[in-house]
1. Only one residue in E88, E125 is of a type outside the set (S, T, N, Q), open to solvent by 90 Å² or more (accessible area, probe 1.4 Å), out of contact with any Asp or Glu (no Cβ under 8 Å at 6 or more places or on another chain) and at pLDDT below 90. Which one?
2. Considering only segment 369-387, state which residues are out of contact with any Asp or Glu (no Cβ under 6 Å at 6 or more places or on another chain), not polar (S, T, N, Q) and not in a helix (DSSP H, G or I).
3. Quick check: anything in segment 398-409 surrounded by 13 or more Cβ atoms within 10 Å (Cβ to Cβ), small (G, A, S), modelled with pLDDT of 95 or more and part of a helix (DSSP H, G or I)?
4. Considering only segment 198-243, state which residues are more than 20 Å from L288 (Cβ to Cβ) and either hydroxyl-bearing (S, T, Y) or within 20 Å of the chain's Cα centre (by Cα) (or both).
5. Restricting to segment 3-20, and then to whatever is assigned to a loop (DSSP other than H, G, I, E, B) and open to solvent by 80 Å² or more (accessible area, probe 1.4 Å), can you tell me which residue is modelled with the highest pLDDT?
6. Could you list all residues from segment 28-65 that are open to solvent by 20 Å² or more (accessible area, probe 1.4 Å) and in a loop (DSSP other than H, G, I, E, B)?
7. Applying the selection to segment 324-340, what residues are farther than 16 Å from L291 by Cα, under 19 Å from the mean Cα position of the chain (by Cα) and either of a type in the set (S, T, Y) or open to solvent by 50 Å² or more (accessible area, probe 1.4 Å) (or both)?
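The values are calculated or read from the model by the stated rules, or taken from the named source; none is laboratory data. Predicted model only: the values in this text are computed from it and were never measured. Heads up, the Cβs are rebuilt from the backbone with ideal geometry, glycines too, and the neighbour counts pull from every protein chain shown. Keep in mind that these areas ignore ligands, DNA and RNA; they rest on the heavy atoms of the full protein, side chains included. Shrake-Rupley method; radii C 1.70, N 1.55, O 1.52, S 1.80 Å.
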Amino acid sequence: MQDPPNSTPEFRLGQRVHTSGNPTRIGTVKYVGTVESYSDTWIGIDWDNAEGKHDGSLNGARYFNAKSETSGSFVRPKNLSKGISFLEAIEKRYRSTSTKDEEDEMYVFSSSNKRVSIKLLGESELNDKLSRLEELSSVSLSFMGVGFPGVPGQISTTVPNIKQLDLSGNLLSEWKDVGIICEQLPSLKALNLSYNLMSLYKSELPLLKSIRILVLNNTGVDWEQVELLRLSLTAIEELHIMGNNISKFLPVSSSMVLGFDTLRLLNLEDNCIAEWSEIMKLSQLRCLEQLYLNKNCLSSLFYPDNGSQYYDSKVTDCKPFQNLRCLLLGDNNISDLASVDSLNLFPNLVEIRLSGNPITDTARGGVPRFVSIARLANIQILNGSEITSRERKDSEIRYVRLVVSRLHVSPEEIKQHPRFSELKNFYGIEDQKPLVGASDGPRAISSGFLSITLKCVGASMGEKEPLTKKLPATTTVGKLKFLCESFFKLKSMKLKLFFQEEGSPLPLLLDNDWSSLMDLGVDNDSVILVDEVTRFC
């Protein structure tokens, strides 16, 4: 492997750069020097979007190691930019005027097919307002090529009133540069540094007591860095650290994450957390109300009945996740009902997301929405949809009826339903498989038949009147498809069925041919939509 010099007058190893004229194509300098068979100096770049030509080797010689087989390339120094200063980006974004060529492109065609130039209504007034930089309170410099703060002291005199600052997708990598910018913005409340590849935290930041919201998505920041930043962010309320490959929490001075006394929202989506015991290290964050864990690798969760190592009454009076109200767990690997049931133990939890997990995917043996609602006693919002009082009542009655039918076959199954006895007694449901109709309340039907309305909704099915049929509750989805072919004379079509569940924003696709209507919670007087499978499905 070639030994590159540490730097040239323009570029150094580890520096963030973008293609000249295209600040959205960003990469990291991995090599500076000569390349065999080519003249002059070349810069080896590892591109963020992996759209390069090789892995850092060329013609059998390795010059650097790129993160993928196609993310590296060599570029002439003249074709790269090390970025512009913060204030240069402000000027470019808010004081630049359109060129004549750009204005010539703004036109429409008249009825006689002639070009008619257009001018945006209020454009001059808007530009005038934006050009008064001292009045700017919300600034977006996303993908503007910002690489350094600029002349010391000028930021505070030029844009003193910035409250919200978006610096996502720039060339910043040093925390000291971030500190220099923020220190000159005393009113700054929200800062977005996403898609800036941040270096390891090496020096102390100034006290950033005004910042309430910090977004560090896809910055390469790990939890150790977050712990160090905590000392400067004394008033932080929202922290977003998505897409940083975080798998563990390593608190500095104890087994639990402490401090962050004002933190209300923590966004850890799209990371690599696999063990719920890691999440429990966050359970003593006293003010935490919202925890986002979508798109991780969690397979189960629990809440300690007595707190065990997560709660010591001699040290703290704060129970685990004492104030947590919203927990998002979508697109993980949770597959057991015990994990769902443990959510009832969280003291103040009212919103949960479980969609995208095996436990909610009926095609993979998961349970339908009504079962989740019935098992979660205190949840008010499930998968982004509010649970109305009527939906809760209907879901709980259907759930009890489903469990009753199963207990006749497997009495020991009652251990798997901790809320069953409570709900059964509350609704006064007897052990003879009561069904609930739309208007006449509970009633027992020994025959086990359900009254189902079938509606054709397929585009090429033609207009067909809905049919109401009495079918055994044990009828499988596959059997019902076969019956629909006969009922509606649809022999040449491949069908798919949807359960129009009351309270659910979208009908439920019945994609498991072996599931019975009873298993799916289909009730008396339910509606089943009959559609056709198209080639695009």
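1. Only one candidate qualifies: E125.
2. Of everything in segment 369-387, those that are out of contact with any Asp or Glu (no Cβ under 6 Å at 6 or more places or on another chain), not polar (S, T, N, Q) and not in a helix (DSSP H, G or I) turn out to be L376, A377, I379, L382, G384, E386, I387.
3. First pass over segment 398-409, keeping only residues surrounded by 13 or more Cβ atoms within 10 Å (Cβ to Cβ): 398-407.
Cutting the leftovers down to small (G, A, S) gives us 405.
Subset that is modelled with pLDDT of 95 or more: none.
No, that holds for no residue.
4. S199, Y201, S203, S210, N218, T219, G220, G243
5. My answer is E10.
6. E36, S37, D48, N49, A50, E51, G52, K53, D55, N59, G60, N65
7. Keep residues of segment 324-340 that are farther than 16 Å from L291 by Cα, which gives 333-340.
Checking the rest, the ones that are also under 19 Å from the mean Cα position of the chain (by Cα) come to 333-334.
N333, the sole residue that qualifies.
Residue-by-condition table, conditions (1) more than 22 Å from I397 (Cα to Cα); (2) open to solvent by 30 Å² or more (accessible area, probe 1.4 Å); (3) in contact (Cβ under 8 Å) with a residue 40 or more places away in the chain:
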{"position": "S342", "(1), (2), (3)": "no, no, yes"}
{"position": "F346", "(1), (2), (3)": "yes, no, yes"}
{"position": "L349", "(1), (2), (3)": "yes, no, no"}
{"position": "R353", "(1), (2), (3)": "yes, yes, yes"}
